[in-house]
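Student: Mind having a look at this structure? Questions to follow.
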Amino acid sequence: MKSLMRIWLGIYLCWISFQDIREKAVSVWKLLLGALGVITWRVCTQRGLPYPIDLLPGVLCLLAAVISGEQIGYGDGMVLLLTGMYCGWQRSSCIAFGALFGAALWGIGKGCLRKRKRNERVAWLPFFTVNYGILQIMDYMTQ
């Protein structure tokens with residue numbers, strides 16, 4: 001059941017990443033669908049409610065979105081909440097920091113090539129999805 005959830009979450013992240021690339025936003029109904037999927041998985045596997053600390057990275061990201069005037073998107077925080085419920089706070093944080101690093105390198109690279117405007121927004125979820133995939137491959141290889 002866990003490997004099925006890994007695959008489902010990977011497909012889900014790819015799906016919302018494409019929207020983030022195109023629109024720099026994610027639809028609320030897609031976020032709700034993701035929440036429904038993770039909560040259903042937790043109920044079906046009798047895991048119960050997530051520990052509050054598992055939600056901490058997502059809550060901090062949502063707080064940063066409020067403080068920054070939505071320079072960080074609410075959808076990013078919601079996706080971090082979902083992965084926290086599934087993977088726990090350590091893995092969720094690892095994926096998020098890897099995504100931040102990747103997005104920073106991307107922005108610096110585009111800036112150096114002068115192909116990026118100063119206030120241009122960078123879609124963060126594709127970097128998050130890639131890091132999620134890398135973590136799953138590493139888990140698979142160490143089993």
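Each reported figure results from applying straightforward, stated rules to the coordinates on display, with no laboratory input. Keep in mind it's a predicted model, so treat the numbers as computed, not measured. Here Cβ is always computed from backbone atoms with ideal geometry, including for glycine, and neighbour counts include all displayed protein chains.
Student: Which percent of Cα pairs goes in each bin when the distances of the chain are cut into 10 angstrom slices starting at zero?
Tutor: P(r) for the chain, in whole percents per bin: 12, 42, 34, 10, 2, 0.
Student: Under unit Cβ charges (Lys, Arg +1; Asp, Glu -1), what dipole magnitude, rounded to 20 debye, does the chain have relative to its Cα centre? Write out the running numbers ahead of the final one.
Tutor: Working: 15 positive and 7 negative charges, 90 e Å.
In debye, rounded to 20, the chain gives about 420.
Student: Between the helical axis of 125-142 and the dominant principal axis of the chain, each derived from Cα atoms, what acute angle in degrees is found, rounded to the nearest 10?
Tutor: 50 degrees
Student: Here is a follow-up. Where does the charge balance sit around Gly84 when Lys and Arg score +1, Asp and Glu -1, over other residues with C-beta under 14 Å from its C-beta? Mind dumping the intermediate values first?
Tutor: On the way: positive: Arg42, Arg47, Arg91; negative: Asp54, Asp76.
Residues near Gly84 contribute +1 overall.
Student: Students often forget the sequence filter, so: which aspartates and glutamates lie under 13 Å Cα-Cα from Lys2 once same-chain residues fewer than 8 apart are removed?
Tutor: Filter leaves Asp139.
Student: Let me ask something additional. At a Cα cut-off below 13 Å, give the aspartates and glutamates reachable from Lys24, other chains included and same-chain residues fewer than 8 away excluded.
Tutor: Glu70, Asp76, Glu120
Student: Whole-Hz ³J(HN,Hα) for each residue in segment 72-77, computed from phi via Karplus 6.51 cos²θ - 1.76 cosθ + 1.60 with θ = phi - 60°, x for glycine and proline: what do you get?
Tutor: Once rounded to whole Hz, the list reads 9, x, 5, x, 4, x.
Student: Here is a further query. Grab the beta carbon distance between Lys2 and Leu63, set R0 = 30 Å, and tell me the FRET efficiency rounded to 0.05.
Tutor: 0.50
Student: Could you tally the net charge around Cys94, taking each other residue with its Cβ under 14 Å from the Cβ of Cys94, Lys/Arg +1 and Asp/Glu -1?
Tutor: Around Cys94, the surrounding residues sum to -1.
Student: Separate question: Determine ³J(HN,Hα), in whole Hz, for all residues of segment 79-93 in sequence, where each value follows from phi through the Karplus function 6.51 cos²θ - 1.76 cosθ + 1.60 and θ = phi - 60°; x replaces Gly and Pro.
Tutor: 5, 5, 4, 4, 5, x, 5, 8, 9, x, 5, 5, 5, 4, 5
Student: Something else about it: Give me the percent relative contact order of the chain, please, defined on Cα pairs under 8 angstrom at least 6 residues apart.
Tutor: 28 percent
Student: Then there is this: Where does helix 28-44 land angle-wise versus the long Cα axis of the chain, in degrees 0 to 90, nearest 10?
Tutor: Once rounded, the angle reads 30 degrees.
Student: Okay, moving on. Work through the residues other than Ile72 whose Cβ is under 13 Å from its Cβ and net out their charges, Lys, Arg +1 and Asp, Glu -1.
Tutor: -1
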